[in-house]
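Participant: So that we are looking at the same thing, I have put the structure below in C-alpha cells.
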Amino acid sequence: MKLSELGIEEKRVFKIHIVFSFIDGIVLGLLILNEFVFVKSLMGSEFMLGILLQFSMAIFVFTMLIYEFIKRYKKTTILKVTALLTRLPLFATVFFPADSLQISQSVYYHYIFLLIFFLYFMSLPVVNPIINSILKNNYQDNHFGTLYSYSTTLNKIVMMITTFIFGWMLDIDNHAYRYIYPVMSIMAIVSLFLLSKAVKIEYLEPNAKLLSFKDTLLNSRKIIQKIIKSNKPYRDFESGFMLYGFAFMLTVAIITLFLAEELKLNYTSIAFYKNSYNIIAILLLPFFGKLLDKIDPRKFAAFTFFTLLMYLLFMGLTEYFPFYTDVGNYRFYYMLLISFAWNGLFAATMSLLWNIGSAYFCKNEDAGVYQSVHLTMVGGRALIAPLFGVWLYQYIGFGGVFLLGIILLVLAIIVMLKSMKKYDVKTIKNTSV
C-alpha cells in the first residue's frame with residue numbers, strides 16, 4: 001500500500017496519528033519502567049506493586065459507563081479535559097525527596113505515587129475507545145491494520161530509545177523520576193490535545209436522555225449481553241481473551257519481582273531486555289499489520305497467545321537454569337534472552353490485537369462500543385488477577401505462577417481454534433448494536 005492511495009481525510013488523520021504516536025512513544029517509554037521505579041527507587045511492597053499494576057487495568061471496568069457519556073459530549077472537549085485532569089498530577093513527583101531511606105520510612109509517598117498513577121490510568125477507558133472510533137471511521141477497511149501498524153512501529157521505536165535513556169538516568173540517579181515525570185506530564189497533555197484535532201465528525205447523541213448511574217449500569221449490561229448473544233464469533237474472541245487476560249495479569253507483577261528481586265537486574269539491564277523485545281516488535285509490526293487485514297482475527301489471536309506462552313515458559317526456566325554472562329553493566333541470562341525474543345513477537349501482535357482486534361467483528365460505526373465492551377471485560381478481570389497473582393506467588397513461587405499462566409494460555413488457544421471451525425467472522429458484519 002502506498003500513501004498516495006489514501007483519501008484526503010485518511011491522510012489528514014494518519015498525519016495526526018503519526019505525530020501522536022511519536023509523542024505517546026516518549027510517554028510510554030518512561031511509563032514502561034514505572035513499576036521498577038516503585039520497587040527499586042521507592043522500595044514499595046509486593047502488595048502495593050500489585051495494586052499499582054491493578055490500577056493500570058482495573059480502571060477499564062468503567063469503560064462502558066464512560067462510553068455512555070462520550071456519546072453525548074464532544075470528543076474534542078472530552079480529550080482536552082481528560083488530559084488536564086489525569087496528566088497534571090504527575091508534577092507532584094517533583095516534591096518527592098531524593099532519599100530512598102526517607103521514602104521507605106514514610107508510606108505516604110507510596111500512597112501518593114499510587115494516587116498519581118491511578119489518576120493517570122483513569123484516562124485510558126476514555127481515550128482508547130475514542131482512538132478506535134476515530135481510526136475506524138477514517139481509515140478504509142483494507143488500510144486499517146496497515147496504517148495502524150505504521151504508527152505503532154514509530155511509537156515503539158521512540159519508546160525503545162526513551163526507555164534506554166531513562167534506564168541509564170535511573171542507574172546514575174535512582175530518583176531521576178522526580179523531574180522526568182513532570183516532563184512526561186507535559187508530553188502526555190500535548191499528545192491528547194493533538195489527538196483532539198483528528199476528530200472531525202463527533203457522532204453525538206445530544207438528545208438522548210442522560211441516564212442515572214444505576215440506569216447507565218443497566219444499559220451497559222444490556223448492550224454487552226446483546227453483543228455477546230448476537231455476535232458469537234466476538235463472544236468466543238472475548239472468551240479466549242478472558243483466559244489470556246488472566247494469564248497475563250496473574251504474571252505481570254510476578255515478572256517485575258522476578259527481574260528486580262530474584263535476578264537482581266539493574267535499571268540498565270532491565271532497559272536492555274525491554275528494548276530487545278521492542279526491536280523485534282518494531283521489525284515485525286508492518287508485517288503483522290498487513291497479516292491482520294487478511295486473516296481471521298481469532299487465528300491471529302491464537303498465535304499471539306502462543307507467543308506469550310513461550311515468553312512465560314522461558315522466563316520460568318531462567319529460575320532453574322540461571323546461567324548468565326556479564327558485559328559491563330549488563331547481565332545477559334541465556335534463557336531470559338530467549339524469553340524476551342518471544343516477548344518481541346507477543347508485543348508486535350498484541351499491540352495490534354488488543355487495540356483494534358475488536359473492530360474486525362463489527363460495522364465501522366460500532367467500533368467504539370465494541371472496543372468499550374472489550375475494555376470493560378479487561379477491567380473486570382483486572383479487579384482480581386494482579387493481586388491474586390501476588391498472593392499465589394507467596395504460596396507457590398515464581399515457577400508455580402508461570403505454569404498456571406501457561407495452562408490458561410493453552411485453553412485460550414483452544415477456544416480460538418474451535419470458534420474458527422464453528423463460525424465465519426464475515427457473517428457478523430451485518431450485526432448492529
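Participant: Using the alpha-carbon atoms, what tilt in degrees (0 to 90, nearest 10) does helix 385-422 show relative to the longest principal axis of the chain?
Facilitator: 30
Participant: What does the charge count near residue 34 come to, summing +1 for each Lys or Arg and -1 for each Asp or Glu among other residues with Cβ under 13 Å from its Cβ?
Facilitator: Details: positive: 40, 274; negative: 35.
Taking every other residue near residue 34 into account, the sum is +1.
Participant: While we're looking at this one, here's another question. Taking Cα centroids, how far is the stretch 217-254 from the stretch 290-333 in Å?
Facilitator: Here the answer is 24 Å between Cα centres.
Participant: Also, quick follow-up: Measure out, as a whole number of angstrom, how far apart the alpha-carbon centroids of the stretch 155-176 and the stretch 94-115 sit.
Facilitator: For the stretch 155-176 versus the stretch 94-115, the Cα centre distance is 21 Å.
Participant: Residue-wise, which Karplus ³J(HN,Hα) couplings in Hz belong to the stretch 240-249, taking 6.51 cos²θ - 1.76 cosθ + 1.60, θ = phi - 60°, and x for glycine or proline?
Facilitator: x, 5, 5, 5, 4, x, 5, 4, 5, 6
Participant: Right, another one. Hey, can you rank 105-112, 400-407 by average C-beta count inside 10 Å, highest first? Display every interim value, and only then the final one.
Facilitator: Numbers: 105-112: 13.8, 400-407: 19.8.
Peptide ranking by packing, descending: 400-407, 105-112.
Participant: Taking the Cα centre of the stretch 3-428 as the origin and placing charges on Cβ (Lys, Arg +1; Asp, Glu -1), which of 242, 7, 252 is farthest toward the positive end of the dipole?
Facilitator: Of the candidates, 7 comes out farthest on the positive side.
Participant: Under Stokes-Einstein, with the Kirkwood radius over Cα pairs standing in for Rh, what whole-number D in µm²/s applies to the chain at 25 °C and 0.890 mPa s?
Facilitator: Reported coefficient: 110 µm²/s.
Participant: Just to confirm the number: angle between the C-alpha axis of helix 8-31 and the first principal axis of the chain, 0 to 90 degrees, nearest 10?
Facilitator: Taking the Cα atoms of the chain, the angle to 8-31 is about 20 degrees.
Participant: Sort 76-85, 227-236 by the packing proxy (mean of other Cβ within 10 Å over each peptide's residues), most packed first.
Facilitator: Top to bottom by mean Cβ count within 10 Å: 227-236, 76-85.
Participant: Quick one: 168, 342, fewest Cβ neighbours within 10 Å first, how do they rank?
Facilitator: By the 10 Å Cβ count, ascending, the order reads 168, 342.
Participant: Continuing with the same structure: Going by how many other Cβ atoms sit within 10 Å of their own, how do 179, 370, 267 line up, fewest first?
Facilitator: 179, 267, 370
Participant: While we're on this one: Order these by the 10 Å Cβ neighbour count, fewest first: 143, 17.
Facilitator: 143, 17
Values in this text are rule-based calculations from the coordinates and carry no lab data. A quick note: this is a predicted structure, and the numbers were derived from the prediction, not measured. Virtual Cβ from ideal backbone geometry, glycine too; neighbours counted across all protein chains shown.
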